[in-house]
1. Please tell me if residue 203 is in contact with a helix residue (DSSP H, G or I) (Cβ under 8 Å, 6 or more places away or on another chain) and within 21 Å of residue 332 (Cα to Cα).
2. Somewhere in region 57-70, is a residue under 22 Å from the mean Cα position of the chain (by Cα), crowded, with 24+ Cβ neighbours inside 10 Å, at pLDDT 95 or above and outside any helix (DSSP H, G or I)?
3. Among the residues of region 288-310, count how many are in contact with a strand residue (DSSP E or B) (Cβ under 8 Å, 6 or more places away or on another chain) and not in a helix (DSSP H, G or I).
4. In region 258-278, is there at least one residue being touching a strand residue (DSSP E or B) at 6+ places or on another chain (Cβ under 6 Å), over 20 Å from residue 350 (Cα atoms) and surrounded by fewer than 22 Cβ atoms within 10 Å (Cβ to Cβ)?
5. Considering region 223-274 alone, what residues qualify as being assigned to a helix (DSSP H, G or I), under 20 Å from the mean Cα position of the chain (by Cα) and in contact (Cβ under 8 Å) with a residue 60 or more places away in the chain?
6. Here is a list: 242, 232. Which entry is more than 25 Å from residue 78 (Cβ to Cβ) and either in contact with a helix residue (DSSP H, G or I) (Cβ under 9 Å, 6 or more places away or on another chain) or surrounded by fewer than 22 Cβ atoms within 10 Å (Cβ to Cβ) (or both)?
7. How many of the residues making up region 328-370 are in a strand (DSSP E or B) and farther than 30 Å from residue 444 by Cα?
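The values are calculated or read from the model by the stated rules, or taken from the named source; none is laboratory data. Since the structure is predicted, the reported quantities are computational estimates derived from the model, not experimental observations. We place every Cβ from the backbone using ideal geometry, glycine too, and count neighbours over all the protein chains shown.
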């Protein structure tokens, strides 16, 4: 298993686990993996990001690799530009939704997708053995890439019926979360003739508005703004702009599963039979929906890397995670906040219903999640105890306990923080609340032994 790469790239507290020396040596390893340039480097709005960018670019130059700096950009923007503009690879400096003191590095391959788990292990082996490029023929050079954002937005717009969207003049509230979509999402809405209202629109590495993770309890201002302005839809992005949490016209926050069902149905209407890839912790309603379009669902371990890298060989059109990460294969096989927003706007432009009315027509699905602080040794013991109590459970990724086809609980360690995450699904809100209460009590009891 990877030692430094977590669920999504490498992350740590800057100055502690993520030291200047570690960043330097890991960049040597990533550069050696790529072998040559040019490499596109982008970063989020965290206070430590410009410092890390300087270390990354100068380190790449020291082993003869050229690179260009994209500046502050959303992660999917950097990834798409890598593919579209012909870079050998990309390095995004971000800790996504983690608190401000964190930062990290997320490498992307020349196909514009996060590198595979096998490639992560290759990089870690280079790092452990210090088997870096030595004595380069020349020093590399660092320049600037000015076309990153425009290339990204043009790519997104090319995948949708932009004229139809423009004609509807949809009213949208963007909760930018003081994150990187502030440089892209408002411009996308302008290109699509939307009436746009902005919340938490200033890029700030301390994420003062509502934190870097768009979770329901942080999104009351988004709901309030929608209701006060009679908006059609709202969307909240995470710190690096690859995840999207939607809010309907009545101010209700949608789960990632719920918005994925809406978008999958919209896409599959015109593309029946297309494959859908999602993780083990996503709700089961997606199988019911895809069966209406003669489509199949492939399940993977948790993590966007798992979904993305499964989409490519299977030529899947749709991929998603329950956390609001949605992937559209025609654009790029990565989570993408702007592409997801554009698809939602296209869906609304094709419908005579409001967003809340569209939601009411979906298969019933009640899912939730929670998290508990838990050290790695406690997590191992927890999974072991539960595996003995529920021997028929799926232990592919943590443990998934199937109580019935529509009722389950999944527990797995986070790949980015010292916590465990608990996911559940049931046939009703009341049953779901009872299920989560029961298992949270059980888990805490096992951990405290």
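1. Details: in contact with a helix residue (DSSP H, G or I) (Cβ under 8 Å, 6 or more places away or on another chain): yes; within 21 Å of residue 332 (Cα to Cα): no.
Taking the combined requirement at face value, the residue does not satisfy it.
2. Scanning region 57-70 turns up at least one residue that is under 22 Å from the mean Cα position of the chain (by Cα), crowded, with 24+ Cβ neighbours inside 10 Å, at pLDDT 95 or above and outside any helix (DSSP H, G or I).
3. Step one: list which residues in region 288-310 are in contact with a strand residue (DSSP E or B) (Cβ under 8 Å, 6 or more places away or on another chain), which gives 290, 295-310.
Add one more test, that the residue is not in a helix (DSSP H, G or I), and what stays is 295-303.
Final tally of qualifying residues: 9.
4. For region 258-278, residues touching a strand residue (DSSP E or B) at 6+ places or on another chain (Cβ under 6 Å), over 20 Å from residue 350 (Cα atoms) and surrounded by fewer than 22 Cβ atoms within 10 Å (Cβ to Cβ): absent.
5. Step one: filter region 223-274 for residues assigned to a helix (DSSP H, G or I), giving 223-229, 256-270.
Checking which are under 20 Å from the mean Cα position of the chain (by Cα) leaves us with 256-264, 267.
256, 257, 258, 259, 260, 261, 262, 263, 267 - these are the residues of region 223-274 that are assigned to a helix (DSSP H, G or I), under 20 Å from the mean Cα position of the chain (by Cα) and in contact (Cβ under 8 Å) with a residue 60 or more places away in the chain.
6. Numbers: 242 fails: more than 25 Å from residue 78 (Cβ to Cβ).
It is 232.
7. Pass one, region 328-370, residues in a strand (DSSP E or B): 328, 332, 366-370.
Then keep just the ones that are farther than 30 Å from residue 444 by Cα; that gives 328, 332.
Residues flagged as in a strand (DSSP E or B) and farther than 30 Å from residue 444 by Cα within region 328-370 amount to 2.
Here's the yes/no breakdown for (1) modelled with pLDDT of 95 or more; (2) surrounded by 15 or more Cβ atoms within 10 Å (Cβ to Cβ); (3) assigned to a helix (DSSP H, G or I):
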position	(1), (2), (3)
120	yes, yes, yes
143	yes, no, no
156	yes, yes, yes
172	yes, yes, no
182	yes, yes, yes
187	yes, yes, yes
198	yes, yes, no
214	yes, yes, no
